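Report on the following structure.
No value in this document is a laboratory result; all are computed from the given coordinates. Everything quoted here is computed from the prediction, not taken from an experiment. Positions of Cβ are backbone-derived with ideal geometry, glycine not excepted, and every protein chain shown enters the neighbour counts.
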Amino acid sequence: MTALLPGAVCSAVLMTVAFPKPALWFLAPFALVPLLFAIHRKPAAVSCARVFAACYACAAAWQLASLWWIGYVTIAGMLALCLFVALIVAGALTLSWWLTRRGVPLWLSLPAAWMTYEAVVSYLMTGFPWLALGYTWQPRTAAIQIADLAGVYGVSFVIIAGTAAVTQLLCALTGSSPFRPAVTALAIAGAAMAGSLAYGAARLGELDREAPERSIALACVQANIPSNVKHDPRLDADVLRRHAYWTCEAAASNVDVILWSETALPGYFHERGLSYHTVTGLVRRTGIPLLTGMATYDYRNGAITYHNSACIIGTNALPGTAYDKMHLVVFGEYVPFEKYLPFLKLVTPIEGSFSAGSRPVLLELDTARAGRVSFGPLICFEDVFGYMARLMASAGADILVNLTNDGWFRSSPGPYQHAALSTFRAVETRRPLVRATNSGVTLAADRAGRITHVLTDAGRRTELAGMLVADIPVHAPRTTFYAAHGDWFLVLSCIVLVATTIAACLRRVQA
């Protein structure tokens, strides 16, 4: 283990800095090389237990260094999440090592194992695919266009194929393995990289040549309400005052709609209290509809159910059909098995649980300039999940809208990571995406995932108040391969790994 530790530590550091921030994306293909070279250089000289221990140490350090900001909300939950995900990472890398000892080339075992790891963390226990490797390449616009074919996971494959190639080349140069597998790995990685760049260049050219059918002018209000203020009923009037100030500033720009962030309204709008009277008066005064997040409740089967919702409040001061958030954050919006394991509430700050919505609902707005525009709402971390954006696109959304409150996480890497991964939903569905946040990062991205507008002050994008005005082009809707077929690439990767593992086991039995 001691001999493997330097490689594990080095890889943990490189993996951490490849993600925002500081977003040193060019390190991504090389980040795991120190660890992999250490365990593959002399595979017969190390035991499976030592390999797993080194991989787990690397993965745990990487997860903790990248996701420490979750501790602002729940330290116990952050530790449990990071250490659990590290088990999956270590298991995947150890399985890849074991397969290479059974004659499977690294260029096959590593991508299959890594993509299976990303599949597991994307779906197990509601999923948390936050650190998918492909997100590191968000600044590389051409390279991420393959996301409309295979999602962010296609980009992850290109990166991890490069990792396998570099590792095999180093092993060949040091005499640890023959050159033929290294040449094959380099050919595969080179083809994957060249293919993704060529596809990206072609797609970007096509998108840039396509003229929009219309455009809509909108403004996002970033009120920067601290968490201790946002959840103190005694300060509701101050919360609304801050939102109203920036809303009036935005109204001067003659926009078609103004966006507020997730649960921006204190209390419950339909109870016709302070929020109701303030917002309806504001909408009437400005003459501009408001698309906002709010908490709602209703009665179902004789019980009250609470929802994290979004709706448009029109100029007639009446709310339209609301969308209830479908994918809830475990320990953030609900506690699993709360009825049977009440002690689990000790790891979360929430006082009660939300209930999930049952279907995607578009928020539609009729405008004089752009006609009817359909917004596909993604609340909080729903923009982390490709399937949620696909649902909204399939329902007919013209624009994806992410309403979120990352104020809990201050100016940590969390809001920057969230902003980077959010833009992939635009590429996957070929819909523009707008983010209205409480404290940052508020932005607009085009169909290619390029950030076209962002609220910033002297380079700072978080913990500041302001408003962002953007003109969003609306194009004829299209259905991408990824939107139509979902995570087919992850399924294929899992099948390849299972088949390869079974074949390796059978060869061992026959031997």
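Quick look at the numbers
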item: Modelled label reach - PHE481, point 7 Å along Cα→Cβ, segment 118-132 residues with backbone N closer than 14 Å; result: none
item: Cα gyration tensor category, rounded, prolate or oblate, for the chain with a/c compared to 1.5; result: prolate
item: Exposure proxy order (Cβ contacts within 10 Å, fewest to most) of ILE495, ILE88; result: ILE495, ILE88
item: Residues TRP246, TRP98 arranged by fewest to most Cβ contacts within 10 Å; result: TRP98, TRP246
item: Inter-probe distance in nm under a simple model that places probes 7 Å from Cα toward Cβ, at ASP366 and ALA198; result: 5.0 nm
item: Gyration tensor (Cα) of segment 111-178, equivalent ellipsoid semi-axes in angstrom; result: 26, 16, 9
item: Nonlocal amide H pairs with GLY357, under 5 Å, H built at 1.01 Å; result: LYS325, MET326
item: For VAL469, VAL89, order by how many other beta-carbon atoms lie within 10 Å, fewest first; result: VAL469, VAL89
item: Phi-based couplings in Hz for segment 76-92 (Karplus 6.51, -1.76, 1.60; Gly and Pro marked x); result: 4, x, 4, 4, 4, 4, 5, 6, 6, 4, 4, 4, 5, 4, 4, x, 5
item: Cα convex hull of segment 143-225 - mean projected area over all directions, nm²; result: 9.6 nm²
item: Three-way shape call for segment 351-470 based on the alpha-carbon gyration tensor, with the a/c threshold at 1.5; result: oblate
item: Rounded to whole Hz, the Karplus (6.51, -1.76, 1.60) HN-Hα couplings of segment 393-407, x for glycine and proline; result: 5, 5, 6, x, 5, 8, 9, 8, 10, 9, 9, 8, 10, 9, x
item: Distance-filtered residues of segment 267-304 - backbone nitrogen under 17 Å, label point 7 angstrom along ASN254 Cα→Cβ; result: 286-289
item: For the chain, share of DSSP beta bridges that run antiparallel, in % to the nearest 5; result: 70 percent
item: Partner aspartates and glutamates for LYS230 [C-alpha distance under 17 Å; skip if fewer than 8 residues away on the same chain]; result: ASP238, GLU262, GLU333, GLU351, ASP406, GLU463
item: Coarse-grained scattering of segment 269-327 at q = 0.17, 0.27, 0.28 Å⁻¹, given as base-10 log I(q)/I(0) from a Debye sum over alpha-carbon atoms; result: -0.58, -1.13, -1.18
item: Principal axis box of segment 1-128, alpha-carbon based, largest edge first, Å; result: 45, 28, 27
